[in-house]
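Read the structure below first, then the notes.
Read the figures in this text as sums done on the coordinates, not as results from a lab. Every value quoted in this text rests on a predicted model; they were computed, and no experiment measured them. Every residue, glycine among them, receives a Cβ derived from its backbone with ideal geometry; neighbour counts consider all protein chains shown.
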Amino acid sequence: MDARCIWLTGLSAAGKSTIARQLAELWDGPCVVLDGDEIRQGLCSDLGFSPEDRDENIRRISEVARLFVNSGTTAICAFISPYSDARQRARARFSDGQFVLVHVDCPLDVCRERDPKGLYARAFAGELPGFTGVDAPYERPAADIVVQTHETTPEDCARLILSQL
Ligand code: ADX
């Protein structure tokens, strides 16, 4: 299959990173995973979570993804990417069909229950202002593909995505 940018958007703890890794294992060809927590330790360590900084985060990542895709490597990107405009600008960097937006959908209550990093607890306690889904917006996308992670295992989500490409 031709190189693509497979862009996973969704709330923190929705399962984006796990599905991204599953996708990479199943992908037949060269691919790379770009993941929010990792990228924010390096390339985007100067950025916070204001709307402007999130937009800059997405801009840099989509530029990097474009370089990978143009050289024949599929880029699987796992970022909350809460704003429609920024996602749209990311899509515009690719040719038609090259960018696939996947909504990794999961109810906020379930994400809050999972809370693998304890961030929702802190956010609901008011200790982490501007947390997505709590007191910062998540603009639900009109995505190319939707997976429901509270009903489907990560591996099945990954297989579902691959079957719809
Ligand atoms: S994005 O909004 O710019 O796309 P990104 O995916 O890179 O976000 O990073 C999200 C990760 O940063 C979360 O999984 C969480 O671990 C951490 N994080 C820290 N502060 C926040 C916050 N205010 N809102 C959302 N995530 C946060």
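Here is how the numbers come out for the structure above:
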{"quantity": "Under-5 Å amide H pairs with Leu11, H placed in peptide plane, nonlocal only", "calculated": "Cys106"}
{"quantity": "For the chain, with +1 on Lys and Arg beta carbons and -1 on Asp and Glu, the positive-most of Ala142, Pro82, Gly97 along the dipole", "calculated": "Gly97"}
{"quantity": "Relative contact order (%) - the chain, alpha-carbon pairs under 8 angstrom, separation at least six", "calculated": "35 percent"}
{"quantity": "Acute angle (nearest 10 degrees) that the helix 51-70 long axis makes with the longest principal axis of the chain, alpha-carbon atoms", "calculated": "20 degrees"}
{"quantity": "Hz values of 3J(HN,Hα) by residue in the stretch 98-111 - Karplus curve (6.51, -1.76, 1.60), Gly and Pro given as x", "calculated": "7, 9, 10, 8, 10, 8, 8, 9, 7, x, 3, 4, 6, 4"}
{"quantity": "Segment Asp109-Glu139, extension gain: residue separation times 0.36 nm, minus the distance between their alpha carbons", "calculated": "9.1 nm"}
{"quantity": "³J(HN,Hα), Karplus 6.51/-1.76/1.60, whole Hz, each residue of the stretch 115-128, x for Gly, Pro", "calculated": "5, x, 10, x, 6, 5, 4, 5, 5, 5, 7, x, 8, 9"}
{"quantity": "Total charge dipole magnitude, the chain, about the Cα centre, Cβ charges on Lys, Arg, Asp, Glu only, Debye to nearest 20", "calculated": "220 debye"}
{"quantity": "Using alpha-carbon coordinates, inclination of helix 154-164 to the longest axis of the chain, degrees", "calculated": "40 degrees"}
{"quantity": "Alpha carbon centroid spacing (whole Å) that separates the stretch 1-55 from the stretch 63-134", "calculated": "7 Å"}
{"quantity": "Cut-off under 5 Å, modelled amide H: who pairs with Leu34 long-range", "calculated": "Ile76, Cys77, Ala78"}
{"quantity": "Under-5 Å amide H pairs with Arg4, H placed in peptide plane, nonlocal only", "calculated": "Thr74, Ala75"}
{"quantity": "Loop-resident sites, the stretch 63-165, for GluC sites (Glu not before Pro), counting at most 13 other Cβ within 10 Å (DSSP)", "calculated": "Glu127, Glu139, Glu151"}
{"quantity": "Antiparallel DSSP beta bridges within the chain, percent to nearest 5", "calculated": "0 percent"}
{"quantity": "Unit charges on C-beta of K, R, D, E only; dipole of the stretch 94-165, Debye", "calculated": "160 debye"}
{"quantity": "Whole-number D in µm²/s for the chain (Stokes-Einstein; Kirkwood sum over Cα pairs; 37 °C, 0.692 mPa s)", "calculated": "206 µm²/s"}
